[in-house]
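In what follows, a single structure is set out as structure tokens and then discussed.
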Amino acid sequence: MTKLVLWFIFASLTLLSCRSVKKPTFNNDIVVIDVADLNQYWVAKTSKVVFLPGRPKWIPKGMGKASFFITIDSNGTLVSRELIDSIPNDWMTQKILDKMPIQQYKPSITNPTKIPVKVKINSELKALVDIT
């Protein structure tokens, strides 16, 4: 009986360790940069275009603006998003921001040491047709 319990505990711990989330890696201090300078540090890995059957839940409804910080670690993984503000106030929320797909990046030629960065992103969703 004791061997069975020990085996069950060992199997459970093994399965749980396989599901563990990879921790961010920071080889250097995080550098705060302007979005215009992002391509000097990191370049987004291209992925094939996927056509979605409907509007993704991570796109806010209606029109608005939002500002948020993203942090890219030394592995090129987007490890955090932090909402700064939203206009209208409830158009973008931290919950919606957290649902956005995670982008992977590769270091640019000018970033061989893979310096992690924090970047302020400004986004705006407008109507496709201007009715005036």
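The values are calculated or read from the model by the stated rules, or taken from the named source; none is laboratory data. Keep in mind that this is a model prediction, so the values were computed, not measured. Please note: Cβ atoms are built from the backbone with ideal geometry, for glycine as well, and neighbour counts cover all protein chains shown.
At a glance:
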item: Subset of region 117-132 that is of a type in the set (Val, Ile, Thr) and under 17 Å from the mean Cα position of the chain (by Cα) - its residue that is surrounded by the fewest Cβ atoms within 10 Å (Cβ to Cβ); result: 121
item: First in region 23-34 and in contact (Cβ under 8 Å) with a residue 40 or more places away in the chain, second anywhere and aromatic (Phe, Trp, Tyr), Cβ under 8 Å, 6 or more apart; result: 31/41; 33/41
item: Every residue from region 77-95 that is of a type in the set (S, T, N, Q) and crowded, with 16+ Cβ neighbours inside 10 Å; result: 77, 86
item: Members of region 66-94 found to be at pLDDT 90 or above and among the charged types (D, E, K, R), listed by number; result: 73, 81, 82, 85
item: Residues of region 96-116 classified as loosely packed, with under 15 Cβ neighbours inside 10 Å and without any contact (Cβ under 8 Å) to a residue 40 or more places away in the chain, total; result: 4
